1. Which one of A:ASN167, A:ALA94, A:ALA129 has its Cα pushed farthest toward the positive end of the charge dipole of the range A:71-190, where Lys and Arg give +1 and Asp and Glu give -1 at the Cβ?
2. Go through A:LYS22/B:LYS110; A:LYS174/B:LYS48; A:LYS22/B:LYS174; A:LYS174/B:LYS22; A:LYS22/A:LYS110; A:LYS48/A:LYS174 and tell me which ones have a Cα-Cα distance over 31 Å in this structure.
3. Neighbour counts of other C-beta atoms within 10 Å: give me A:ASP44, B:ASP65, B:ASP17 arranged from fewest to most.
4. Could you list the square roots of 5 times each eigenvalue of the Cα gyration tensor of chain B, that is, the equivalent ellipsoid semi-axes, sorted largest first and rounded to whole Å?
5. Would you work out the charge dipole size for the protein assembly as shown about its Cα centre, treating the Cβ of every Lys and Arg as +1 and the Cβ of every Asp and Glu as -1, and quote it to the nearest 20 debye?
6. Please report the orientation-averaged projected area of the range A:16-59, defined via the convex hull of its C-alpha atoms, in nm².
7. Starting from the Cα of A:ARG15, move 7 Å in the Cα-to-Cβ direction to define the label point; list residues of the range A:33-59 whose amide nitrogen is under 15 Å from there.
8. Using a 10 Å cut-off around each Cβ, can you sort B:CYS139, A:CYS78 from fewest to most neighbouring Cβ atoms?
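Read-outs throughout are calculated quantities, based only on the coordinates presented, and are distinct from any laboratory measurement. Predicted, not measured: the structure shown is a model, and the values here were computed from it. When we count neighbours, we look across all protein chains shown, and the Cβ atoms used for this are built from the backbone with ideal geometry, even at glycine.
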Number of protein chains: 2
Amino acid sequence: MDDGGNAGRPARSQRADARRNKEALLDAAAAVFVASGVEAPVRDIAAKAGVGVGTIYRHFPTRADLIVAVYRHQVESCAEAGPALLASSPTPHAALARWIDLFVDFLVTKHGLAAVLQSDSAGFETLHAYFLDRLVPVCTRLLDAAAAAGEIRSDVAALELMRGVGNLCIGADKDPDYDARRLAGLLITGLRRTE
Amino acid sequence: MDDGGNAGRPARSQRADARRNKEALLDAAAAVFVASGVEAPVRDIAAKAGVGVGTIYRHFPTRADLIVAVYRHQVESCAEAGPALLASSPTPHAALARWIDLFVDFLVTKHGLAAVLQSDSAGFETLHAYFLDRLVPVCTRLLDAAAAAGEIRSDVAALELMRGVGNLCIGADKDPDYDARRLAGLLITGLRRTE
DNA sequence: TAGCAAACGGAACAAAGTTCCCCTTGGTCG
DNA sequence: CGACCAAGGGGAACTTTGTTCCGTTTGCTA
């Protein structure tokens with residue numbers, strides 16, 4: 001159990017140099033992810049942070065944990081945007097469409113994140129689980145609202161939809177002719193109740 | 001170049017042991033792919049075929065070439081099914097939907113193939129290119145027919161759609177709750193012209 | 001049957017994640 | 001103020017996997 005969740009409060013249990021290095025690692029990782037993508041070698045991140053690889057693993061048991069830590073607050077923003085959109089959009093379906101756009105934009109701008117999200121390479125369950133735990137409930141609420149309003153069919157689960165949209169984002173950053181947002185939009189359109 | 005160094009002679013002739021090994025490799029690869037997925041280690045395939053790894057690389061310059069060779073005839077079948085469906089379906093849109101189903105079924109039953117298809121790891125461009133070269137024209141024809149019949153919007157390119165559908169298939173074999181076919185169907189439904 | 005180029009096997013090399021272990025050091029206690 | 005020691009750090013080493021290299025074997029032909 002790590003106390004990484006105590007934002008703002010100084011963790012007495014951690015030595016000063018440890019906290020400093022953890023901070024440096026998060027910064028370095030963010031920079032390297034932007035420059036070389038989420039799949040950048042661990043050694044590159046260690047080098048950029050000026051620490052040894054062992055130090056990375058001391059703070060983040062696996063690569064995936066580092067990725068989660070780097071993007072945690074952006075995922076949080078996305079999650080929080082759900083209810084807000086529901087309140088401010090003309091219809092639940094519109095809110096859903098906009099929220100999915102947010103999600104797609106987030107994934108696409110993080111080179112390779114979508115690909116790694118669904119990867120079943122050992123260690124990435126953490127990453128997968130975190131995203132899903134945080135975002136699926138939000139998506140469920142949007143879907144339920146739209147279904148309750150009779151706008152969409154109600155036989156598609158949030159988890160399935162999120163995975164589908166996530167998959168659509170894979171490789172979207174490599175090919176300018178591939179518009180993940182549009183395809184995701186098609187998916188949401190296809191959700192509409194056929195009357 | 002086909003085979004180097006055959007001055008003047010129609011060197012169609014491969015040595016008998018070479019042909020035998022190539023055959024054994026294709027069989028072994030097919031078996032291993034079914035058992036362990038497309039991402040199975042090259043060494044496993046070599047072992048199963050009873051040859052050294054060097055022999056694999058003699059026949060197939062890269063892993064991707066082996067994969068292409070193993071699935072070539074199935075891709076061929078899929079490609080040929082396109083025009084047939086167009087002729088036998090009530091509408092072009094129905095033909096498109098059915099053809100996409102075929103494509104999805106093909107991908108999903110090959111563990112990990114979809115994932116590897118979009119992977120940009122060195123060497124897989126071959127695989128990507130082969131699939132696209134063969135199937136995109138077929139998809140284009142179906143899309144054009146449906147667009148000409150006024151059934152769908154005409155601003156989505158076959159390449160984009162195929163990539164989207166391919167992406168939707170990623171990981172579909174790992175999770176029984178994830179129905180790639182249904183999601184792909186949603187995508188095709190979303191293509192319908194909104195009137 | 002001898003000779004040779006084609007084919008083979010598998011050791012060796014190159015990335016990449018992860019683990020291990022010995023050394024350094026921050027913070028506390030005498 | 002200095003000694004102590006566990007937390008922390010560094011990076012070599014281990015593992016896995018694709019790919020290359022090269023000495024050896026072997027099918028074919030003359």
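1. Among A:ASN167, A:ALA94, A:ALA129, the one farthest towards the positive end of the dipole of the range A:71-190 is A:ALA94.
2. From the list (A:LYS22/B:LYS110; A:LYS174/B:LYS48; A:LYS22/B:LYS174; A:LYS174/B:LYS22; A:LYS22/A:LYS110; A:LYS48/A:LYS174), the Cα-Cα distance tops 31 Å for A:LYS22/B:LYS110; A:LYS174/B:LYS48; A:LYS22/B:LYS174; A:LYS174/B:LYS22.
3. Going from least to most buried by this count: B:ASP17, A:ASP44, B:ASP65.
4. 36, 20, 13
5. Charge dipole, the protein assembly as shown, about its Cα centre: 700 debye, nearest 20.
6. 2.6 nm²
7. A:52, A:54-56, A:58-59
8. Fewest to most other Cβ atoms nearby, the residues stand as A:CYS78, B:CYS139.
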